[in-house]
1. With a Förster radius of 22 Å, plug the Cβ-Cβ distance of LYS18 and THR352 into 1/(1 + (r/R0)^6) and report the FRET value to the nearest 0.05.
2. By per-residue mean of other Cβ atoms within 10 Å, what is the highest-first order of 17-25, 98-106?
3. Taking H placed 1.01 Å from N in the peptide plane, check which residues at least 5 places from VAL234 or on another chain put their amide H under 5 Å from its amide H.
4. So if each residue of separation counts as 0.36 nm, and I subtract the Cα-Cα distance between LYS102 and VAL261, what length gain in nm does that give?
5. Report the charge-dipole magnitude of region 21-381 in Debye, nearest 20, computed about the Cα centre from +1 at each Lys and Arg Cβ and -1 at each Asp and Glu Cβ.
6. On a 20 Å Cα-Cα criterion, which of the cross-link pairs LYS257/LYS375; LYS65/LYS154; LYS210/LYS375 come out too long?
7. Sum up the charges of everything whose Cβ sits under 10 Å from the Cβ of THR122, counting Lys and Arg as +1 and Asp and Glu as -1, but leave THR122 out.
8. For an R0 of 35 angstrom, estimate the FRET efficiency from the Cβ-Cβ distance between GLU371 and TYR33 and round to the nearest 0.05.
Amino acid sequence: MEAGGNSLPAASGGDGTKRKVYYFYDPEVGNYYYGQGHPMKPHRIRMTHALLAHYGLLQNMQVFKPCPARDRDLCRFHADDYVAFLRSISPETQQDQIRALKRFNVGEDCPVFDGLFNFCQTYAGGSMGGAVKLNHGLCDIAINWAGGLHHAKKCEASGFCYVNDIVLAILELLKHYERVLYVDIDIHHGDGVEEAFYTTDRVMTVSFHKFGDYFPGTGDVRDVGYGKGKYYSVNVPLDDGIDDDSYQSLFKPIIGKVMEVFRPGAVVLQCGADSLSGDRLGCFNLSIKGHAECVRYLRSFNVPLLMLGGGGYTIRNVARCWCYETAVAQGVELEDKMPLHEYYEYFGPDYTLHVAPSNMENKNTRLVLEEIRSKILENISKLRHAPSMQFQERVPDTEIPEADEDQEDLDDRWDADSDTEMDDTKHADEQLLKPPVQSIKIKKEAAETEIKDQEAQKVTTEHVKTVKTAAEDTSCPKIPDVASMSLDEPSGVKLEQESSNQPADHPPAAAHSKP
Ligand SMILES: [Zn+2]
């Protein structure tokens with residue numbers, strides 16, 4: 001596998017041009033601390049940033065401090081009471097909130113720590129901000145290494161994730177793009193994002209992950225989406241020790257086919273670095289170049305690209321990986337010998353950007369990989385054509401103030417046509433149920449449409465997994481969240497209510513097994 005940018009045969013159009021890259025970073029993010037012994041270390045974002053600075057990569061892109069996501073922004077996906085809880089909880093007050101902690105799955109894997117809510121606002125703000133910049137055509141690639149927290153659910157924290165910045169960013173992109181592709185190369189299944197979009201054909205989710213006796217337990221190859229979303233969820237289950245060649249023998253044919261058939265207007269790539277060799281929690285054997293090959297390949301399609309972080313628990317390798325992937329995004333080559341910088345001592349004894357993968361056994365046999373590949377390609381071919389809906393009219397791109405480098409965006413910023421700016425008093429589900437905005441006229445109609453109760457709609461998978469009944473969880477219904485929005489009605493003429501017209505074979509709500 002070759003290092004450096006622009007080496008791939010372009011799948012669509014040439015890959016020889018530079019890309020305009022926007023990068024979101026908050027200097028405070030490295031100070032958040034999950035607690036002693038916790039593997040998730042936001043400090044790795046600061047280490048990445050230091051490497052970017054000393055490799056000279058910050059000069060090649062515009063740097064933004066993210067605007068903190070507001071409650072109303074978070075409530076586009078998350079439940080009001082969950083967001084209010086995250087805002088209110090603190091290490092000092094948590095003893096008084098035992099029931100709420102349990103209800104929202106906060107306390108163990110997802111601990112309460114100082115500044116928790118600000119941390120959520122920051123990482124979500126970066127991803128949403130990146131989506132807005134892409135929507136406005138201001139950049140080709142937007143990067144937020146603090147984002148990518150793919151396990152968070154509508155009203156539950158999970159797997160070190162509290163709010164799902166990816167779902168929020170995709171919702172933002174859906175205002176502008178008819179179809180959005182989500183690709184997840186974290187070692188863990190991208191369950192929160194898949195679940196949110198499980199019943200829509202406007203978002204295709206493709207997750208490559210370790211499957212079998214591994215958190216979060218979901219992501220079977222047979223889980224393909226439901227209803228209109230059937231075959232729009234793709235799961236690539238992998239085993240321990242997968243190496244670069246094996247990984248790419250699936251990644252490229254699958255993503256190539258998805259790009260051809262689904263034709264997304266924008267791509268979100270979750271670059272979880274726990275799929276690297278030597279990760280503290282992971283068990284794959286990818287090199288940094290092998291991991292970055294996914295970035296290089298997706299970049300070659302010349303489709304607006306949002307790159308996010310995710311897992312990654314051997315933090316020196318996380319910083320190496322995300323620095324290198326930033327360079328790939330820019331189309332810049334980096335020397336293997338690392339520049340001196342404030343965290344230099346983390347990278348001994350070699351002080352190089354790249355590290356050799358290990359000699360661990362690759363448990364993914366050629367035969368099994370071939371079976372997975374052909375099964376998935378067969379499923380994708382059933383899509384035949386991308387959903388054919390066309391834009392009727394589109395909101396003109398709103399001029400947003402051009403923030404200076406290292407300057408914070410203005411606070412009521414983002415997107416003047418954003419429906420996050422609308423009436424704050426609206427119920428979160430109503431906000432969620434509005435279709436992605438294609439025109440001002442349509443948005444108004446959508447806002448005026450009466451929304452029916454979505455409680456009854458509790459679909460997740462055809463291949464039914466662990467079932468958690470509604471009775472166990474009445475306070476916080478596990479609706480397949482965003483999918484219950486009428487994403488399939490971009491014309492906004494009516495809001496389809498599947499709950500009032502459910503097929504008889506509707507499976508019950510499925511919940512995901514805990515670690
Ligand atoms: Zn992970």
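Since every read-out is calculated from the coordinates, none of them should be taken as a lab result. Since we're looking at a predicted model, the values are computed, not measured. Positions of Cβ are generated from backbone atoms using ideal geometry, with glycine treated the same way; all protein chains shown enter the neighbour counts.
1. Values: r = 26 Å, r/R0 = 1.17.
Between LYS18 and THR352 the formula returns 0.30.
2. Per-residue mean Cβ counts within 10 Å order the peptides as 17-25, 98-106.
3. The list, which skips near neighbours in sequence, is THR205, VAL206, SER207.
4. In short, 53.0 nm is gained.
5. Roughly 800 debye for region 21-381.
6. Going by Cα-Cα distance, LYS65/LYS154 fall outside the 20 Å limit.
7. Numbers: positive: LYS65; negative: ASP26, GLU28, ASP165.
Within the 10 Å Cβ shell, the charges total -2.
8. So the FRET efficiency works out to roughly 0.20.
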